[in-house]
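Report on the following structure.
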Amino acid sequence: MRWFTKAHRPGRSGVVLRTRLSLESLDARLAPSSLYGDAPSPPETTSADWTGDAPPRGAPQIAGFCVYQTGPGEYMFVGQVEGLPDCSGLTVTFDGVPALAGRTATTTSDGVFMLQVVIPSGGGNVGTVTAQTTAGGISSNVAELYFNPTA
């Protein structure tokens, strides 16, 4: 181990301070037992067992819900379903503005869904667009975004 000393500065008198730096080994510390897989598994839940924004563990989650304007009056709604081992083939239902009410999209093998639609500006299609899916009887969160079509 090296010893570090404070250099003496000319014109100053005083004691030279020394500091010893060292590292402490953390190998002897134990990790919590739940990291090793002996924690009890969570109980099965259904959509009726929860309220609020966060669905229960094992429920599908819609993430990254957004809209892109692909041309004049053309829009693509995109998002991804997560939280399940297999998110392919799920039906995502849209609602909110009249032009999207009841429209659906199907997820790809990685859970991505896309819906391309033509929506004219105005016509009462301004507002909150929602997207939701269901897997195994458990509903996902309701993804929302504000939508205002432009010409």
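Residues considered: Ala63, Ala131. Of these, the only one that is part of a strand (DSSP E or B), crowded, with 16+ Cβ neighbours inside 10 Å and small (Gly, Ala, Ser) is Ala131.
Applying the selection to the range 100-128, what residues are assigned to a strand (DSSP E or B) and touching a Leu at 6+ places or on another chain (Cβ under 9 Å)?
Thr104, Ala105, Thr106, Phe113, Leu115, Val117, Thr128, listed by residue number.
Of everything in the range 134-151 that is among the small types (Gly, Ala, Ser) and farther than 19 Å from Asp86 by Cα, the residue that is surrounded by the most Cβ atoms within 10 Å (Cβ to Cβ) is Ala143. Candidates are the residues of the range 134-149 that are part of a strand (DSSP E or B) and touching a residue at least 60 places away in the same chain (Cβ under 8 Å); the one that is farthest from Gly73 (Cα to Cα) is Ile138. For the range 100-112, taking the residues that are in contact (Cβ under 8 Å) with a residue 12 or more places away in the chain and touching a Phe, Trp or Tyr at 6+ places or on another chain (Cβ under 8 Å), the one that is nearest to Pro60 (Cα to Cα) is identified as Thr107.
FYI, it's all coordinate maths here, none of it is from the lab. All figures in this text were calculated on a predicted structure; none of them were measured in a lab. Glycine also receives a Cβ, built like all others from the backbone with ideal geometry; neighbour counts cover every protein chain displayed.
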